[in-house]
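See structure below.
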2 protein chains.
Amino acid sequence: MPARNRARAETPPAATHHRALPVHTDPADVPLETALLALADPVRRTLVRELAADEDWRRPCGSFDVPVTKATLSRHFSVLRDAGLLEQRDVGTKRLNRLRRAEFDACFPGLLDLVLRGEAGSAD
Amino acid sequence: MPARNRARAETPPAATHHRALPVHTDPADVPLETALLALADPVRRTLVRELAADEDWRRPCGSFDVPVTKATLSRHFSVLRDAGLLEQRDVGTKRLNRLRRAEFDACFPGLLDLVLRGEAGSAD
DNA sequence: ACGAGTGTTCGTTGCTCGTCGAACATCTTA
DNA sequence: TAAGATGTTCGACGAGCAACGAACACTCGT
């Protein structure tokens, strides 16, 4: 419980203590199949869109408008992390999220845009 | 059994008689989820790649190198049709296939390229 | 007309995935 | 230290999907 509170000047609000922080898979190590399956779920696409609409590190896990339980939501975040789509950071009691837009886009160009663009095949 | 055998000068080898030909869903009517799910399967991605590698209307259904039964294969083709990825045409006893590259690409830009490009997240 | 070749349909089986409730862990505040 | 807030983990359940064998349908040869 010591914990040095030396606020590191970083992009995010500076993480507090240290909880067993999740594994962040690099998009470059993500098989195409994993990426496609991750974005094939409607709930996860909503999460991705809401993340893209807001600024980085602004939204804790519980702040998303999806019709599922905390348990299910946690699972979805896990899948997004494993797909190289999500980065998380703990601050206080909440876990803040960031969409890895640039990194993911570099590995799967166009895929994220498709999701953010819209639902129909006619797009837009 | 009448059937006008006026060989229509077309792109494909000109269809013979008429079997209950399959329903071809227009890519513009395909939800993003359907497209993603269709390409999320490894067998279907193989089919798509082999189709893209060869010329249009050259490959009958049974000519693909995938480790599944005829029944399963038929099901996969059905899924690809419903995703607006495949067009089929009957000639004699075989059903020839064509990848709807341009049409699908217009609706889901970049998606097909991703599949054809490769498997890894590092692409290429 | 018959048989071979090709593809679809049907019913079943097994596995994966999304979902939930309940219990647990961690951090903050009173 | 106790209470509250936020997420995660742990079975369990149900739906969906890929896969198969077998039976059927259609076309082309002989």
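Coordinate-derived values only; no laboratory data. Predicted, not measured: the structure shown is a model, and the values here were computed from it. Don't worry about glycine lacking a Cβ; one is built from the backbone with ideal geometry, like all the others, and counts go over all protein chains shown.
Here are some notes:
- Fewest-first ranking of A:CYS61, B:CYS107, using other Cβ atoms within 10 Å as the exposure measure: A:CYS61, B:CYS107
- Across segment B:53-83, the residues whose backbone nitrogen lies under 19 Å from the label position 7 Å along the beta-carbon direction of A:GLU119 are B:83.
- Each other copy places its own label point for B:ARG49 at 3.2 nm from this one, sorted shortest first, where the point lies 7 Å along the Cα-to-beta carbon line.
- Take B:GLY92, push a point 7 Å out from Cα through the beta-carbon direction, and compare it with the same point in every other copy: 7.4 nm, smallest first.
- Calculated label separations, B:ASP113, copies of the chain, 7 Å along the beta-carbon direction, nm: 0.7
- Average beta-carbon neighbours from other chains, 10 Å sphere, peptide B:88-100: 0
- Residue of chain A nearest the A-to-B rotation axis [by Cβ], rounded angstrom distance: A:GLY110, 1
- The eigenvalues of the Cα gyration tensor, multiplied by 5 and square-rooted, give segment B:27-117 an equivalent ellipsoid with semi-axes of 20, 14, 12 Å from largest to smallest.
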